[in-house]
Amino acid sequence: MKLEGKVWLFGDNVDTDAIIPARYLVTTDPLELARHCLEDLDANFARQVRPGDLVVAGKNFGCGSSREHAPLALKGAGVGCIIAVSFARIFYRNAVNIGLPILECPAELPAQLSPGERLQVDLDQGRIIRLAGGSEVKASPLPPFMQEILKHGGLIEYVQARLQNDGLL
Amino acid sequence: MPGQTMVEKILARGAGKEKVRPGDLVNVKVDLVLGNDVTAPVAIKEFARLGLERVFDPARVVLVPDHFTPNRDIPSAEQALALRRFASRYGIVHYYEVGRMGIEHALLPEQGLVLPGQIIIGADSHTCTYGALGAFATGVGSTDLAAAMALGELWFKVPPTLRFVYNGKMPKWVGGKDLILYTIGAIGVEGARYQAMEFCGPAIEALPMDGRLTMANMAIEAGGKCGYIQPDRITFEYLEGRAKSSYEAVYSDSDAVYAETYTFDVSSLEPQVAFPPSPENVHPVSKARGIRIDQVVIGSCTNGRLEDLRIAAALLKGRKVNPRVRLLVIPATQAIYRQALAEGLLEIFIDAEAAVSTPTCGPCLGGHMGILAGGEVALATTNRNFTGRMGHRDSQVYLCGPAVAAASAVAGEIIHPEEVA
């Protein structure tokens, strides 16, 4: 899977309360959640983010609560892929499970990027190309098992396929 | 072949394998799956897409409406209703209505649903609490909850295990919360990311179950997949007359392999305080002395248990909350509430001019009951102090144990309990 989009830069330890504050956890609608996505960190994000944009962050992205509303809000906002130095594990699972692409990148990448610059991302190969200048960065692709879930569109689709396979659906 | 840690053994058993190694991907059968009024509505929506007539086992699904309940507004009432309807339709045995409900991570152990050796997943990050009883328990998201309700199994990557050895005897006013805050301060909020945390040593062996639950509860704040204490006499005493079924305790082998071992001496540890906006900004209480506070919260899945209330009451007895401060005390379950009533603790809180609430997660996540205005400062026995966690983005939260919280509520500023006692 290949993506291309504009960079939104964030720092280390972006927590799920910052991605979507608890006061908005009274809806399960990704578009409604998207209206408040990251609002306490960057008031412009929810208004200005465009489909296919890329969120790039430092280490431990998505730490804190298990709220799946966090990746749902980012997905609802149209974010094409989250690229971070590392992810908190529940966020990592949740993103894959709802079919939101994520990629772990080298520790030095976020500091080299400028907000708004365009990247091309090859999820299968784990490659990131900076369109201005054309330099290429090697990232870690998701393990095949998780790529399989992403290819089905998420865990529910994956489970459906499995249940059908087992004759349970 | 070297030995295995407790978590490796439990996951191996769940996967039907002789042995597993850190990094292995395994599909395991789960003993218990949990959801609440924030996470289950998303799971219910996802579960519906599967079109199944039944959950894998109605006796192994637990639903607790504890976050925005008693219902805060119409949208949260709709979410609680979705939970109630799902529980009724699928015959969920362990659904706890308001009035019987407690904060999930205090409630499930108290009800004897959590047993050593089990594999428990919950769509709540603090599900790791149950490791205090020697279970493998970890937080997941709503879609994982939906899949687990359907299949009764879930995939995991076997985590490497970090070992934390606590030597010495804990001083007065120091408890499980101080040990775990100190630990998070030492290793950072991603110090245990993707890893299991084994807590052991003489100080842990002497730690009562309530303090153990507090420690395992905050493993997630260090990024941990789970935190656990191997079953011992204190575990078995706690389970006596409480365990809902038989169980088999699991222990780490003496030659188990740990990714790292940290050793701490707790003999001269001060009570600890985590400064905003991260649970890793931990300092001894003496460094926080004099910070003025507007609200104190004693409660949550971290510190809303009976032992916490007893410690708070001992300091509040015969004293008044500072006139500038609002003190909220929230017993974590109905049974704790009742026992606090029987022991006269609630009377002490009310006499001290604290507000005592029915069980709810409410203020911890800025949900309801005690939301902060811009510029306000809270001191709380809860687990997270991220920006905006308890309300306005310009409010602040300091984290501590029940002794510092109660003493500071009296002083109107953060203070060592010794100065009030």
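Tabulated values for the structure
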item: From B:V93, B:V20, residue being more than 14 Å from chain A (Cβ to nearest Cβ), of a type in the set (V, I, T), out of contact with any Gly (no Cβ under 8 Å at 6 or more places or on another chain) and closer than 19 Å to B:A135 by Cα; result: B:V20
item: Number of the exception - B:A403 against (1) open to solvent by 10 Å² or more (accessible area, probe 1.4 Å); (2) in contact (Cβ under 8 Å) with a residue 40 or more places away in the chain; result: (1)
item: Given (1) under 25 Å from A:H69 (Cβ atoms); (2) away from chain B (no Cβ under 14 Å); (3) modelled with pLDDT of 90 or more, index of the condition A:E104 fails; result: (2)
item: Complete set of residues in region B:33-69 that are more than 23 Å from A:L33 (Cα to Cα) and in a loop (DSSP other than H, G, I, E, B); result: B:G51, B:L52, B:E53, B:R54, B:V55, B:F56, B:D57, B:P58, B:A59, B:R60
item: Within region B:139-186, tally of residues that are in contact with a Phe, Trp or Tyr (Cβ under 8 Å, 6 or more places away or on another chain) and among the β-branched types (V, I, T); result: 3
item: Meets criteria (closer than 21 Å to B:N217 by Cβ and within 13 Å of another protein chain (Cβ to nearest Cβ)) for B:V404; result: no
item: Test result for B:V329, β-branched (V, I, T), within 19 Å of B:G211 (Cα to Cα) and away from chain A (no Cβ under 14 Å); result: yes
item: Meets criteria (of a type in the set (A, V, I, L, M) and open to solvent by less than 10 Å² (accessible area, probe 1.4 Å)) for B:L151; result: no
item: Tally of residues being more than 10 Å from chain B (Cβ to nearest Cβ) and of a type in the set (G, A, S) across region A:44-76; result: 7
item: Condition broken by B:E78, with the remaining ones in (1) in contact with a Ser or Thr (Cβ under 6 Å, 6 or more places away or on another chain); (2) within 14 Å of chain A (Cβ to nearest Cβ) satisfied; result: (1)
item: Qualifying helices (runs of 4 or more DSSP H) (wholly inside region B:267-365; at least 3 residues being closer than 29 Å to B:P202 by Cα, touching a residue at least 24 places away in the same chain (Cβ under 8 Å) and charged (D, E, K, R)); result: B:306-316
item: From the options A:R47, A:R89, residue that is under 25 Å from A:R118 (Cβ atoms), open to solvent by 10 Å² or more (accessible area, probe 1.4 Å), without any contact (Cβ under 8 Å) to a residue 40 or more places away in the chain and among the charged types (D, E, K, R); result: A:R47
item: Residue tally, condition under 19 Å from A:G62 (Cβ atoms) and surrounded by fewer than 18 Cβ atoms within 10 Å (Cβ to Cβ), over region A:107-125; result: 1
item: Unmet criterion (only one of (1) in contact (Cβ under 8 Å) with a residue 24 or more places away in the chain; (2) part of a loop (DSSP other than H, G, I, E, B)) for A:V96; result: (2)
item: Among (1) under 20 Å from A:A18 (Cα atoms); (2) open to solvent by less than 20 Å² (accessible area, probe 1.4 Å) - the single one A:I128 does not satisfy; result: (1)
item: B:T302 vs. criteria β-branched (V, I, T) and in contact with a Phe, Trp or Tyr (Cβ under 9 Å, 6 or more places away or on another chain); result: no
item: In region B:185-236, residue farthest from the other protein chains (Cβ to nearest Cβ) [restricted to those that are polar (S, T, N, Q) and open to solvent by 10 Å² or more (accessible area, probe 1.4 Å)]; result: B:Q230
item: Boolean, B:A352 is under 20 Å from the mean Cα position of the chain (by Cα) and open to solvent by less than 40 Å² (accessible area, probe 1.4 Å); result: no
item: Top-ranked residue in region B:369-395 [being outside any loop (DSSP other than H, G, I, E, B) and more than 13 Å from chain A (Cβ to nearest Cβ); ranked as most open to solvent (accessible area, probe 1.4 Å)]; result: B:V377
item: Pair list, Cβ under 6 Å, 6 or more apart: region A:151-169 residue within 8 Å of chain B (Cβ to nearest Cβ) and closer than 13 Å to B:L151 by Cα, other residue at pLDDT below 85 and in a helix (DSSP H, G or I); result: A:L169/A:L163
item: Members of region B:281-300 found to be open to solvent by less than 10 Å² (accessible area, probe 1.4 Å), among the small types (G, A, S) and closer than 22 Å to B:P171 by Cβ, listed by number; result: B:A288
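Each row is one residue, and each column tells you yes or no for (1) touching an Asp or Glu at 6+ places or on another chain (Cβ under 8 Å); (2) open to solvent by 10 Å² or more (accessible area, probe 1.4 Å); (3) within 19 Å of B:I119 (Cβ to Cβ).
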| position | (1), (2), (3) |
| --- | --- |
| B:V33 | no, no, yes |
| B:P41 | no, yes, no |
| B:L52 | no, yes, no |
| B:V55 | no, no, yes |
| B:D66 | yes, no, no |
| B:P70 | no, yes, no |
| B:D73 | no, yes, no |
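One line per residue, one yes/no per condition, for (1) over 23 Å from B:G391 (Cα atoms); (2) in contact with a helix residue (DSSP H, G or I) (Cβ under 6 Å, 6 or more places away or on another chain); (3) buried (at least 23 other Cβ atoms within 10 Å of the Cβ):
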site: A:P51; (1), (2), (3): yes, no, no
site: A:F61; (1), (2), (3): no, no, yes
site: A:G76; (1), (2), (3): yes, yes, no
site: A:A95; (1), (2), (3): yes, yes, yes
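The values are calculated or read from the model by the stated rules, or taken from the named source; none is laboratory data. A quick note: this is a predicted structure, and the numbers were derived from the prediction, not measured. A quick note on method: Cβ atoms are made from the backbone with ideal geometry, for glycine too, and the neighbour counts reach across all protein chains shown. To get the accessible areas, we keep the full protein, side chains included, count just its heavy atoms, and leave off ligands, DNA and RNA. Shrake-Rupley method; radii C 1.70, N 1.55, O 1.52, S 1.80 Å.
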